[in-house]
Amino acid sequence: MPKFGNNDMYVDSIGQAVDRTAQDFCRRYAGETGLHIDIRTVSVTANVPHGKEVGALPDGRRAWMPFSDGSSPAHGADLKGPTQALISNYNTKNWDYHERAARLLNIKFSPKCLEGEVGTEKLVNFIRTFCDLKLWHLQFNVINRSTMLAAQQDPKRYRNLIVRIAGYSAYFTELSRDLQNDLINRTEQTGM
């Protein structure tokens with residue numbers, strides 16, 4: 001089945017409908033309660049423990065696995081590259097509503113994808129596209145799966161390895177095993 005994060009208008013229209021429903025709720029109850037209510041898709045690692053509370057889902061997500069973090073595609077769902085994930089984020093926003101404060105998009109690049117002057121130019125263009133789309137919060141790690149797996153096996157050797165999580169940075173080897181695995185399992189973008 002088609003998945004979010006691939007610039008698929010059918011899937012993105014469902015995401016936009018969910019976003020609108022949530023913002024309608026905020027708009028309605030803010031007036032009734034007198035409180036400022038808005039949407040923030042910034043999981044700050046809550047996607048890992050909350051995933052342990054939910055069984056398997058019809059989209060293929062297995063029981064007890066982490067949810068996608070922030071407004072990022074689910075692990076392995078974004079198959080058409082990081083730019084398509086940006087566009088899906090853009091497509092799912094309801095630009096006429098303002099009951100939202102944050103959307104966090106995490107991208108993991110392989111070091112090979114961004115090496116040299118060509119790689120730097122790719123990254124600069126990616127960030128410019130993000131800015132042109134007026135999205136809210138982008139963060140990325142430039143690391144490969146094998147490095148993180150090696151760090152799990154030999155934490156002393158990799159004690160200075162810093163990774164970006166969900167609005168903050170941390171030493172990889174000091175994270176819980178579940179959170180380490182969540183980072184390892186993010187889609188590793190090898191091209192743009």
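The values are calculated or read from the model by the stated rules, or taken from the named source; none is laboratory data. Since the structure is predicted, the reported quantities are computational estimates derived from the model, not experimental observations. A quick note on method: Cβ atoms are made from the backbone with ideal geometry, for glycine too, and the neighbour counts reach across all protein chains shown. We work out accessible area using only protein heavy atoms, side chains counted, and drop any ligands, DNA or RNA first. Shrake-Rupley method; radii C 1.70, N 1.55, O 1.52, S 1.80 Å.
Test each condition in (1) open to solvent by 30 Å² or more (accessible area, probe 1.4 Å); (2) over 13 Å from the mean Cα position of the chain (by Cα) for Met148 and report the one that comes out false.
Failed condition: (1).
Among the residues of region 172-186, write down those that are open to solvent by 60 Å² or more (accessible area, probe 1.4 Å) and either part of a helix (DSSP H, G or I) or among the β-branched types (Val, Ile, Thr) (or both).
Glu174, Arg177, Asp178, Asn185
Can you go through Asp19, Asp12, Asp24 and tell me which one is modelled with pLDDT of 95 or more and surrounded by 13 or more Cβ atoms within 10 Å (Cβ to Cβ)?
Asp12
Out of all the residues in region 157-171, which are more than 18 Å from Pro49 (Cα to Cα) and crowded, with 18+ Cβ neighbours inside 10 Å?
The answer is Val163, and nothing else.
What is the one condition in (1) touching a residue at least 24 places away in the same chain (Cβ under 8 Å); (2) in a loop (DSSP other than H, G, I, E, B); (3) out of contact with any Ser or Thr (no Cβ under 7 Å at 6 or more places or on another chain); (4) at negative phi that Met192 does not satisfy?
Exception for Met192: condition (3).
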